[in-house]
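Comments concern the structure below.
The values are calculated or read from the model by the stated rules, or taken from the named source; none is laboratory data. Just so it is clear, the model here is predicted, and its values are computed rather than measured. Heavy atoms of the whole protein, side chains included, go into the accessibility calculation; ligands, DNA and RNA do not. Shrake-Rupley method; radii C 1.70, N 1.55, O 1.52, S 1.80 Å.
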Amino acid sequence: MSQKAERILIVDDDQENRELLTEALSPKGYAVVTASSGEEGCQRAEEQEFGLVVSDIQMGAVSGIELLKWFRKQFPDVPIVLLTAFGSVETAIEAMKHGAFDYLTKPVNLDEMYVIVERALEHSRLVRENKMLRRAFDQRVRATSIVAQSRPMVEIFKLVGKAAPSKASVLIYGETGTGKELIARALHDNSQRASNPFIAINCAGVPDSLLESELFGYVKGAFTNALHSRRGLLEEAGGGTVFLDEVSDLSPAGQAKLLRALQEGQIRRLGSNINVPVDLRVIAASQYNLEVLVKRGTFREDLFYRLKTITIEVPPLRERKDDIPLLAELFLSRYGASSNVKGFTDRAMQLLKNYNWPGNVRELEHVIERTITLAPDAIISAENLPLEVQQTGPLMTMEESALAAARRKTASISVDQLLVAWKQASGNKLQAAGALGISRWALHRLLAKHGLEKPQSSP
């Protein structure tokens, strides 16, 4: 039997039956929690997660059918097996109509129950895994934006490869739009947690008054309009990775709770006194230096050291312009698939490389998407780019750039280098030019310049 640690909720107002079911299921390796009423069953479900609920139908104010309806609204993926001492076709039909996984009559045949419990838990696992796989697929599609060939980014990729398999916390620094979340996703996707959730939380995008409830969840009645209990995002990320973007925006109370969650491996929902265990890897990101904020007293020093086990600094796009052509081609393939746009002119690509990109990779992506949408031709020209990109100063064409590079190469050759190459080639100009890495015309000019040969009008 697989997945022995699955948690099962038994709901029955008959204490003897609760005890019998607990005694039957616990030796099989299941973690059994009991409730003596439908109301208590709802409360238990709001406090912790269950892989299966086994409930009697005939109970007090909240019957098994009412409990089933409540679960279908609040936790639709949790399978429910109903029990009753009054077996009838009508009852069975009603139970299945409202989404029960199966239906058993009392006294329960234990062999039959074991089979149904295992089937229900397997169904629950498959539903969870399917959701995780869909989420992981979506994340991997988005993560394809992390392409680069510049030295700083290659070094970051190496660090990601080393850090990913560990459980160590990672702190990522970088300007807005540099791809901090993509680095976090790469860490998650290459870890042993890759099949579990990756939950990204923008701490700067959630009002301070709501941030704690988003992170830690809340129980019914914890505050005005808390009509139902809700799991927090840290709890949802259990077994996986939580990415806290702009972690510097956490309130002092939120920082304290996050620190406790990391230290103790458990969280407490707002309005509750019950600790819920969570298995998390935390990756945090900030555009601000947290060490400076610690000195200012706006960020907890103990939390800072918890988060910075491994630090990654993502450079802005203006400092890694070698990556711009790769990224531009990536975004072209992404947004140009349904259009006739196939590429860039040399001048357009040079403009993209010359622009400073204050919004970094995110701005480049938006510019490429906008340009593809509005471009009249199959090839994006300089005139198709936004004005702010066009107005980056005079540019050389690729031919002009190559000519300038050749001239710099020729100018760097000393007389001694020229003489050695000339001698080794026994006066063969083609061989000497090839040895020096210049054209025959450039060699003629060099020989004339140093008085070794008269200038010629052509090679």
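Show me, for segment 65-75, the HN-Hα J-couplings you get by feeding each phi into the Karplus relation (A = 6.51, B = -1.76, C = 1.60, θ = phi - 60°), rounded to Hz, glycine and proline as x.
Taking θ as phi minus 60°, the curve returns 5, 5, 5, 4, 4, 5, 5, 4, 7, 7, 9 Hz for segment 65-75.
Applying the Karplus parametrisation 6.51 cos²θ - 1.76 cosθ + 1.60 with θ = phi - 60° to the phi angles of segment 151-168, what ³J(HN,Hα) value in whole Hz is obtained for each residue in order, glycine and proline being reported as x?
Values, residue by residue: 4, x, 6, 4, 5, 5, 4, 4, 5, 4, x, 6, 7, 4, x, 7, 9, 5 Hz.
Return the whole-Å distance between the Cα centroid of segment 276-303 and the Cα centroid of segment 16-39.
41 Å
Quick check: at a probe of 1.4 Å, how many percent of the accessible area of segment 40-110 sits on carbon and sulfur atoms?
53 percent
Which value, to two decimals, describes the C-alpha radius of gyration of segment 314-388 once divided by 2.2 N^0.38 Å?
Working: Rg = 11.4 Å, N = 75, 2.2 N^0.38 = 11.3 Å.
So segment 314-388 has a normalised radius of gyration of 1.01.
Could you give me the ³J(HN,Hα) list for segment 322-334, computed from phi with Karplus coefficients 6.51, -1.76, 1.60 and θ = phi - 60°, whole Hz, x at Gly and Pro?
My calculation for segment 322-334 gives 4, 7, 4, x, 4, 5, 4, 5, 4, 5, 4, 5, 6 Hz in order.
Using a 1.4 Å probe, what is the accessible area per residue for the chain, in Å²?
Accessible area per residue, the chain: 51 Å².
Do any of LYS257/LYS295; LYS321/LYS342; LYS162/LYS321; LYS28/LYS162; LYS180/LYS295; LYS342/LYS409 go past 31 Å between their Cα atoms, and which?
Those over the limit are LYS28/LYS162; LYS342/LYS409.
Roughly how tilted is helix 15-25, in degrees to the nearest 10 and between 0 and 90, from the longest Cα axis of the chain?
Tilt of helix 15-25: around 40 degrees.
Helix-only estimate, please: 222 nm mean residue ellipticity of the chain, summing -39500 (n - 2.57) across DSSP H runs of length 4 or more and dividing by its residues, to the nearest 500.
After summing the helix terms and dividing by residue count, I get -14500 deg cm²/dmol.
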